[in-house]
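**Q** Please read through the structure below; I'll follow up with questions.
The values are calculated or read from the model by the stated rules, or taken from the named source; none is laboratory data. Just so you know, these numbers come straight off a predicted model, no measurement behind them. Every residue, glycine as well, gets a Cβ built from its backbone with ideal geometry; the counts of neighbours run over all protein chains shown.
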Amino acid sequence: MNNQIRVRFAPSPTGPLHIGGVRTALYNYLFAKQQGGKFILRIEDTDSNRFVEGAEKYIADAFEWLNLEFDEGPLAGGKHGPYRQSERKEIYQQYVTKLLNSEKAYIAYDTPEELNTKRKEISNFQYDASTRMQMRNSLALSLNEMEALNEKRTPYVVRIKVEPDIEITVNDLIRGEVIVNSSVLDDKVIYKSSDELPTYHLANIVDDHLMRISHVIRGEEWLPSAPLHVWMYQCLGWEETMPQFAHLPLLLKPEGNGKLSKRDGDRLGFPIFPLKWVDPQSGEVSSGYRESGYLPHAVVNFLALLGWNPGHDEEIMSMEEMIELFSFDRCSKSGAKFDFEKAKWFNHQYIQTTSDEELEKLFRPILDEKKVIVSKEYVEKVIGLIKNRAHLIDDFWDQGSFFFIAPTSYDEKTVRKRWKAETPEQLGELINLIEGVEDFSSANIESLIKDWIVLKQYHLGNIMNAFRLALVGEPKGPHIFDIAALIGQEETINRLKKAIITIHKD
Ligand code: GLU
């Protein structure tokens, strides 16, 4: 066991957590568990403009549902807290001062308008070694000018000073060595006096350092920031403890061109978030995997394989297996296409291995919503009969509503084909037969009814289809005798009677 392994998931609470973020967290989790390390949640909420009410709670709820537990975090606690960046203001201040004192950073007063003017003046303008002396900052201004600005309490930012033409190497566990010339980097803003808060870049690396993060496992979209982070680690003298990087491939649209977005989910009808999200401002509702009838482990298993493979063909994996087999070597460098049908396939598989008792609990809210009052035992039996047809929990209703509500209409095509002139009379005989049955088990009624059909020389297909029509209303559902046995003798008779009265063929 290596207790030095510490990884973090560091979302910004700017809205609901995207499924890609869930995958990032999952890989962090798998790696931490495998290494006997710690899995930490850090809330990166320094950008107050982008703060969204309820987003942090959503993150906590999502991981609770997925059963991915954090060892340290705002709720779990831990000795490296606070775990919300907004509560760590003073900590960052020290490092801003340290960087300024060691001349690794400088103060800049350029207004947004001035920056815009410069952008127009110089094509591909970048605030860096080649331009910084033309700007209004502590490197270019005289002492007097600086004092005057200070006196007026002019708002300023602090920028990191990137030296030009230095090779910066990022060692990435998935991508290998990524070498970047420092001249392509700009002097990023690391602190703003207006809100007294650091920007993402500073807060992120300071916290990774102070929280003793050993591995930064995050989405590929952060790869361009990594050279700057390496540079900043050097500026702060923290090279020795710099975490290892692993940038995960993007989750791509199902068609494979570009990053998977909420719009793809809306367009193709699948959720892009773990849980339902109601936007606090617009009231817009986005669907979630939980509310769409997915089992958490199916979602986890599906996500684990989007960008990593275990080295064998078996796709259904327990958490223990995934933890054991996870490796960066088997993470792909190229993006992973989001295959929604595959998500459903996983869920179908997991429904089969989940107990009827467990599934009953998940199905119950749907029954409540439909105002169906029925015993737990009955529902479990229904689920036992139809689960092999279900991909989502909602499918239990689509596949089995007739177990709870008698049909009110009858499939026209089946009526046309199977409801003969003699059918009402034959079903009348069937009612008589059923009324006399003592053992109303599926096997017993099956043999009694089949014997009767043979004896009467009736058409087996026509009788069976008419029988199903009466009980189900449509040509679907499990074995008809299982249905009859479960809804019971009385209900079977009632439904037969109702069909005889209702179905008229013109
Ligand atoms: N706050 C960043 C995000 O929202 C974190 C990136 C990182 O993991 O370094 O994804």
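**Q** Counting only residues that are basic (K, R) and touching a helix residue (DSSP H, G or I) at 6+ places or on another chain (Cβ under 9 Å), which one in region 208-262 is farthest from the ligand (Cβ to nearest atom)? Reasoning before the result, please.
**A** Keep residues of region 208-262 that are basic (K, R), which gives 212, 218, 253, 259, 262.
Narrowing the set further to residues that are touching a helix residue (DSSP H, G or I) at 6+ places or on another chain (Cβ under 9 Å) leaves 212, 218, 253, 259.
Numbers: R212: 15, R218: 4, K253: 20, K259: 14 Å.
Applying the filter and picking the extreme gives K253.
**Q** Taking the residues in region 276-303 that are in contact with a Leu (Cβ under 8 Å, 6 or more places away or on another chain) and of a type in the set (F, W, Y) as candidates, determine which candidate is nearest to G219 (Cα to Cα). Working first, answer last.
**A** Let us first name the residues in region 276-303 that are in contact with a Leu (Cβ under 8 Å, 6 or more places away or on another chain), namely 288-296, 299-300, 303.
In the following step, the residues that additionally are of a type in the set (F, W, Y) were identified as 289, 294.
On the way: Y289: 21, Y294: 24 Å.
In this case the residue turns out to be Y289.
Residue-by-condition table, conditions (1) out of contact with any strand residue (DSSP E or B) (no Cβ under 6 Å at 6 or more places or on another chain); (2) in contact (Cβ under 8 Å) with a residue 24 or more places away in the chain:
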position	(1), (2)
L143	yes, no
V158	no, yes
P164	yes, yes
I179	no, no
K188	no, yes
S193	yes, yes
E196	yes, yes
T199	no, yes
A203	yes, yes
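**Q** Is it the case that region 394-407 has a residue that's more than 19 Å from I366 (Cβ to Cβ), modelled with pLDDT of 95 or more and surrounded by fewer than 17 Cβ atoms within 10 Å (Cβ to Cβ)?
**A** The answer is no; no qualifying residue exists.
**Q** Right, another one. Cβ-Cβ under 9 Å, sequence separation 6+ or interchain: first residue in region 100-124 and more than 20 Å from M146 (Cα to Cα), partner of a type in the set (V, I, T) and surrounded by 13 or more Cβ atoms within 10 Å (Cβ to Cβ). Which pairs?
**A** Here the result reads K118/T131; I122/T131, each pair linking region 100-124 to a residue that is of a type in the set (V, I, T) and surrounded by 13 or more Cβ atoms within 10 Å (Cβ to Cβ).
**Q** Which residue is farthest from S327 (Cα to Cα), if the candidates are limited to region 27-47 and must be out of contact with any strand residue (DSSP E or B) (no Cβ under 7 Å at 6 or more places or on another chain) and more than 14 Å from the ligand (Cβ to nearest atom)?
**A** Restricting to residues being out of contact with any strand residue (DSSP E or B) (no Cβ under 7 Å at 6 or more places or on another chain) and more than 14 Å from the ligand (Cβ to nearest atom), the top hit is G36.
**Q** To continue, here is another question. Write out, first by first residue and then by second, each pair whose Cβ atoms fall under 8 Å of each other, whose residues are 6+ apart or on separate chains, and whose first residue, in region 206-235, is free of Cβ contacts under 8 Å to residues at least 12 places away in the same chain while the second is within 13 Å of the ligand (Cβ to nearest atom) and outside any helix (DSSP H, G or I).
**A** Qualifying pairs under 8 Å: none.
**Q** Please go through (1) surrounded by fewer than 16 Cβ atoms within 10 Å (Cβ to Cβ); (2) free of Cβ contacts under 8 Å to residues at least 24 places away in the same chain for M464 and return the number of the only condition it doesn't satisfy.
**A** The one condition M464 does not meet is (1).
**Q** Now, a different point. Do you know which residues across region 1-24 are under 21 Å from K79 (Cα atoms) and either more than 9 Å from the ligand (Cβ to nearest atom) or of a type in the set (S, T, Y) (or both)?
**A** Pass one, region 1-24, residues under 21 Å from K79 (Cα atoms): 1-11.
Selection gives M1, N2, N3, Q4, I5, R6, V7.
**Q** OK, next. Kindly indicate whether any position in region 221-229 is hydroxyl-bearing (S, T, Y) and within 22 Å of R330 (Cα to Cα).
**A** Of all residues in region 221-229, those hydroxyl-bearing (S, T, Y) come to 225.
Next cut, within 22 Å of R330 (Cα to Cα) only: none.
Looking through region 221-229, none of the residues is hydroxyl-bearing (S, T, Y) and within 22 Å of R330 (Cα to Cα).
**Q** May I pose another question? For residues that are surrounded by 11 or more Cβ atoms within 10 Å (Cβ to Cβ) and in a helix (DSSP H, G or I), tally how many sit in region 413-431. Can you show your working first?
**A** Step one: of region 413-431, the residues surrounded by 11 or more Cβ atoms within 10 Å (Cβ to Cβ) are 414-415, 417-420, 422-431.
Now narrow it down to the ones that are in a helix (DSSP H, G or I): 414-415, 417-418, 423-431.
So the count comes out to 13.
**Q** So which residues in region 46-78 are modelled with pLDDT of 95 or more, surrounded by 17 or more Cβ atoms within 10 Å (Cβ to Cβ) and either of a type in the set (K, R) or in a loop (DSSP other than H, G, I, E, B) (or both), if there are any at all?
**A** L68, F70, D71, P74 - these are the residues of region 46-78 that are modelled with pLDDT of 95 or more, surrounded by 17 or more Cβ atoms within 10 Å (Cβ to Cβ) and either of a type in the set (K, R) or in a loop (DSSP other than H, G, I, E, B) (or both).
**Q** Within region 191-207, track down each residue that is surrounded by 17 or more Cβ atoms within 10 Å (Cβ to Cβ) and either hydroxyl-bearing (S, T, Y) or more than 11 Å from the ligand (Cβ to nearest atom) (or both). Step through it out loud before you land on a result.
**A** Just the residues of region 191-207 that are surrounded by 17 or more Cβ atoms within 10 Å (Cβ to Cβ), to begin with: 191, 197-207.
Within region 191-207, Y191, L197, P198, T199, Y200, L202, V206 meet the criteria.
**Q** Within region 79-88, work out how many residues are surrounded by fewer than 15 Cβ atoms within 10 Å (Cβ to Cβ) and either among the aromatic types (F, W, Y) or in a helix (DSSP H, G or I) (or both).
**A** Qualifying residue count for the region: 1.
Residues are listed down the side, and each one gets a yes or a no for (1) under 30 Å from H297 (Cβ atoms); (2) of a type in the set (S, T, Y); (3) touching an Asp or Glu at 6+ places or on another chain (Cβ under 6 Å):
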{"site": "R389", "(1), (2), (3)": "yes, no, no"}
{"site": "D395", "(1), (2), (3)": "yes, no, no"}
{"site": "Y410", "(1), (2), (3)": "no, yes, no"}
{"site": "P424", "(1), (2), (3)": "no, no, no"}
{"site": "D439", "(1), (2), (3)": "no, no, no"}
{"site": "N444", "(1), (2), (3)": "no, no, no"}
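**Q** Testing A443 on (1) in a loop (DSSP other than H, G, I, E, B); (2) surrounded by fewer than 17 Cβ atoms within 10 Å (Cβ to Cβ); (3) modelled with pLDDT of 95 or more; (4) not basic (K, R), one condition comes back false. Which one is that?
**A** Evaluating A443 over (1) in a loop (DSSP other than H, G, I, E, B); (2) surrounded by fewer than 17 Cβ atoms within 10 Å (Cβ to Cβ); (3) modelled with pLDDT of 95 or more; (4) not basic (K, R) leaves (1) as the failure.
**Q** For T14, all conditions in the list (1) part of a loop (DSSP other than H, G, I, E, B); (2) buried (at least 20 other Cβ atoms within 10 Å of the Cβ) hold save one; what is the number of the exception?
**A** (2)
**Q** Then there is this: Tell me whether region 27-45 contains one or more residues that are at pLDDT below 95, surrounded by 18 or more Cβ atoms within 10 Å (Cβ to Cβ) and of a type outside the set (F, W, Y). Steps first, answer last, please.
**A** Looking only at region 27-45, we keep the residues that are at pLDDT below 95, and these are 45.
From what is left, the residues that are surrounded by 18 or more Cβ atoms within 10 Å (Cβ to Cβ) are 45.
Filter once more, so that each one left must be of a type outside the set (F, W, Y): 45.
Yes, some residue in region 27-45 is at pLDDT below 95, surrounded by 18 or more Cβ atoms within 10 Å (Cβ to Cβ) and of a type outside the set (F, W, Y).
**Q** A follow-up question, please. Of the residues in region 372-401, how many are out of contact with any Lys or Arg (no Cβ under 9 Å at 6 or more places or on another chain) and under 17 Å from T492 (Cβ atoms)?
**A** Result for region 372-401: 5.
**Q** Among the small types (G, A, S), within 21 Å of A10 (Cβ to Cβ) and within 15 Å of the chain's Cα centre (by Cα) - does that describe any residue in region 215-224?
**A** Kept after step one, since they are among the small types (G, A, S), are these residues of region 215-224: 219.
From what is left, the residues that are within 21 Å of A10 (Cβ to Cβ) are 219.
Of the ones still in play, those that are also within 15 Å of the chain's Cα centre (by Cα) are 219.
Looking for residues that are among the small types (G, A, S), within 21 Å of A10 (Cβ to Cβ) and within 15 Å of the chain's Cα centre (by Cα), one finds at least one in region 215-224, hence yes.
**Q** Working only within region 17-45, note down all residues that are more than 20 Å from the chain's Cα centre (by Cα) and either assigned to a loop (DSSP other than H, G, I, E, B) or without any contact (Cβ under 8 Å) to a residue 24 or more places away in the chain (or both).
**A** Result: G36, G37, D45.
**Q** Taking region 115-167, which residues are among the hydroxyl-bearing types (S, T, Y) and modelled with pLDDT of 95 or more? Quick ask: steps written out before the conclusion?
**A** At the first step, the residues of region 115-167 found to be among the hydroxyl-bearing types (S, T, Y) are 117, 123, 127, 130-131, 138, 142, 154, 156.
Once the filter is applied, which keeps residues that are among the hydroxyl-bearing types (S, T, Y) and modelled with pLDDT of 95 or more, region 115-167 yields T117, Y127, S130, T131, S138, S142, T154, Y156.
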